[in-house]
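Enquirer: So that we are looking at the same thing, I have put the structure below in structure tokens.
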Amino acid sequence: MLAIAVARYMEEAEKESSWIRRMFEQGLKLKQEYGAENVADFSIGNPDLEPPPEFIEALKKHASDKGIHRYMPNAGFVDVRAKVAAWLRKEYKIDFGYEHVTMTIGAAGAMNIVLKTILNRGEEVIIFEPYFCEYKFYVENHYGKPVVVKTTDNFEFDFDSLNEKINKKTRAIIVNSPNNPTGKVYSDRELKKLSKFLEEKQNELGSTIYVLSDEPYREIVFDCKSQSITSFYNNSFMVYSWSKSLGVAGERIGYVATNPEIDDKRIFEKLAFSTRILGFVNAPALLQKAVADVLGIKVDVNIYKKRKEIISKGLRKAGYEFFEPQGTFYFFPKSPIPDELEFIRKASEKLVLLTPGIGFGRKGHFRISYTVGERTIELGLERMQELINGV
Ligand SMILES: Cc1ncc(COP(=O)(O)O)c(C=O)c1O
């Protein structure tokens with residue numbers, strides 16, 4: 001028999017995130033056994049709302065455009081980048097031109113081309129916990145070292161902890177607002193305070209500290225506006241994808257908008273080179289053309305808002321402790337027993353699937369993703385009430 005040879009890193013990395021696979025497999029098994037309609041699957045953050053009709057029309061319209069399906073500049077079509085830049089100029093009052101916009105394979109592709117462009121081997125990237133679990137892998141893909149900094153009980157920046165972890169090797173920090181898994185939307189005040197802190201640190205350390213502002217949930221907000229730290233901090237990248245705003249996560253389309261005031265202006269073209277050498281080559285041609293036609297159009301966020309309100313009411317009535325989300329489609333409540341893995345196991349016995357806080361770097365919590373219909377939500381809430389009564 002042939003030896004199976006996979007890189008050691010792959011074995012290790014997969015072990016660390018094996019709970020994702022376990023949960024997915026368990027979900028499939030339960031659905032097969034009990035019927036999908038009887039399982040409240042709150043585990044996967046897969047946007048379930050269909051894309052707006054304008055987007056489908058744009059896809060159809062551009063499918064027969066002559067010459068668009070070929071290779072193109074690695075950063076994407078110039079006309080598409082110009083439209084995105086013009087839209088961003090209006091929304092954020094930042095002087096973006098087409099040359100500052102690189103079209104990408106979603107936010108995930110965007111994060112990877114930025115990290116490829118800025119990281120030297122062994123340099124550190126700060127991520128705040130609780131964090132989107134893929135960040136660690138993205139940093140390690142480019143031989144960087146993820147450094148986890150805790151946030152407060154209310155998920156605010158903890159400047160003392162940040163100060164302890166920041167040093168000459170810190171090359172970047174990742175800010176995710178609206179936040180997965182907490183649903184927190186950072187305020188103007190918090191983002192300005194962080195910017196000022198980082199400006200001072202850059203001066204003190206004599207080095208560049210970049211901010212990657214990961215904003216794929218920007219439009220999924222309730223009664224507030226999502227601000228971008230790129231409005232306050234020059235050495236910054238705005239990372240975006242249409243996965244959530246248009247409900248097209250499978251189509252893989254997004255961008256990086258690099259702050260025009262960034263210190264090292266070589267970055268703009270280096271991002272295009274990273275797109276090429278990582279093997280992405282360019283973002284999907286048809287998708288670029290389609291999204292450029294529907295800038296500002298989004299799924300009906302009121303549907304998410306209504307679901308959020310139902311869950312909020314249900315969890316409160318049941319006696320769960322939780323932070324009231326201001327955006328995204330997640331809740332990140334405290335587990336009613338300290339060991340959230342045990343709680344999640346009990347929940348799955350009642351056919352409710354949740355994600356453990358440990359996967360986001362914060363134990364004692366669990367994540368609810370409400371990319372499911374109201375009937376499933378009601379079903380899940382009833383069982384979560386029974387669960388808390390039983391502990
Ligand atoms: C915080 C965060 N960043 C990035 C991504 C990746 O987004 P995309 O699938 O659009 O590349 C996700 C996806 O869920 C996310 O939650």
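The values are calculated or read from the model by the stated rules, or taken from the named source; none is laboratory data. Values in this document were obtained by computation on a predicted structure and should not be read as measured data. Backbone-built Cβ (ideal geometry, glycine too); neighbour counts: all protein chains shown.
Enquirer: Any idea how many residues of the range 203-218 are within 14 Å of the ligand (Cβ to nearest atom) and part of a loop (DSSP other than H, G, I, E, B)?
Expert: Qualifying residue count for the region: 4.
Enquirer: With 322, 366 as the choices, which residue is free of Cβ contacts under 8 Å to residues at least 40 places away in the same chain, among the hydrophobic types (A, V, I, L, M, F, W, C), in a loop (DSSP other than H, G, I, E, B) and more than 21 Å from residue 78 (Cα to Cα)?
Expert: 322 is the lone residue from the list that is free of Cβ contacts under 8 Å to residues at least 40 places away in the same chain, among the hydrophobic types (A, V, I, L, M, F, W, C), in a loop (DSSP other than H, G, I, E, B) and more than 21 Å from residue 78 (Cα to Cα).
Enquirer: Scan the range 95-105 residue by residue and report those that are in a helix (DSSP H, G or I) and either among the charged types (D, E, K, R) or surrounded by 24 or more Cβ atoms within 10 Å (Cβ to Cβ) (or both).
Expert: 99, 100
Enquirer: Quick one: residue 197 ticks every box in (1) surrounded by 23 or more Cβ atoms within 10 Å (Cβ to Cβ); (2) hydrophobic (A, V, I, L, M, F, W, C); (3) away from the ligand (no atom under 16 Å from the Cβ) bar one, so which box is it?
Expert: Answer for residue 197: the failing condition is (1).
Quick grid of which residues meet (1) within 16 Å of the ligand (Cβ to nearest atom); (2) of a type in the set (D, E, K, R); (3) assigned by TED's automatic domain parsing to the domain that holds residue 99; (4) in contact with a strand residue (DSSP E or B) (Cβ under 6 Å, 6 or more places away or on another chain):
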position: 34; (1), (2), (3), (4): no, no, no, no
position: 38; (1), (2), (3), (4): no, no, no, no
position: 42; (1), (2), (3), (4): yes, no, no, yes
position: 46; (1), (2), (3), (4): yes, no, no, no
position: 57; (1), (2), (3), (4): no, yes, no, no
position: 60; (1), (2), (3), (4): no, yes, no, no
position: 74; (1), (2), (3), (4): no, no, yes, no
position: 78; (1), (2), (3), (4): no, no, yes, no
position: 82; (1), (2), (3), (4): no, no, yes, no
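Enquirer: Follow-up question, since we're still on this one. Has the range 307-317 got any residue that is among the small types (Gly, Ala, Ser) and within 15 Å of residue 182 (Cα to Cα)?
Expert: yes
Enquirer: Need the failing condition index for residue 45 against (1) out of contact with any Asp or Glu (no Cβ under 9 Å at 6 or more places or on another chain); (2) in a loop (DSSP other than H, G, I, E, B); (3) over 27 Å from residue 135 (Cα atoms), just the number.
Expert: Answer for residue 45: the failing condition is (3).
Enquirer: Looking only at the range 119-146, count every residue that is away from the ligand (no atom under 12 Å from the Cβ), in a helix (DSSP H, G or I) and surrounded by fewer than 23 Cβ atoms within 10 Å (Cβ to Cβ) and tell me the total.
Expert: Matching residues across the range 119-146 total 3.
Enquirer: Failed condition for residue 86, given (1) away from the ligand (no atom under 16 Å from the Cβ); (2) touching a residue at least 12 places away in the same chain (Cβ under 8 Å); (3) of a type in the set (A, V, I, L, M), with all others met?
Expert: Of the numbered conditions (1) away from the ligand (no atom under 16 Å from the Cβ); (2) touching a residue at least 12 places away in the same chain (Cβ under 8 Å); (3) of a type in the set (A, V, I, L, M), the odd one out for residue 86 is (2).
Enquirer: OK, next. Can you run down the residue pairs with Cβ atoms below 6 Å, 6 or more apart or on separate chains, where the first is in the range 95-118 and farther than 13 Å from residue 174 by Cα and the partner is near the ligand (Cβ under 10 Å from one of its atoms)?
Expert: These pairs meet every condition: 104/110; 104/254; 105/252; 106/241; 106/243; 106/252; 106/254.
Enquirer: OK, next. Name the pairs whose Cβ atoms lie under 7 Å apart, with the first residue in the range 123-136 and in the same structural domain as residue 198 (by TED's automatic domain parsing), the second within 9 Å of the ligand (Cβ to nearest atom) and in a helix (DSSP H, G or I), and 6 or more positions between them or separate chains?
Expert: Listed pairs, sorted by first residue: 127/135; 134/108.
Enquirer: Still on this structure, please answer the following. Can you tell me how many residues in the range 119-149 are more than 23 Å from residue 11 (Cα to Cα) and of a type in the set (Phe, Trp, Tyr)?
Expert: 1
Enquirer: I'd like the full set of residues that are part of a strand (DSSP E or B), aliphatic (A, V, I, L, M) and touching a Gly at 6+ places or on another chain (Cβ under 9 Å), limited to the range 219-255.
Expert: Answer for the range 219-255, where residues must be part of a strand (DSSP E or B), aliphatic (A, V, I, L, M) and touching a Gly at 6+ places or on another chain (Cβ under 9 Å): 221, 239.
Enquirer: While we're looking at this one, here's another question. Of the residues 228, 207, 195, which is small (Gly, Ala, Ser), within 26 Å of residue 93 (Cα to Cα) and without any contact (Cβ under 8 Å) to a residue 40 or more places away in the chain?
Expert: One residue alone meets the criteria, 195.
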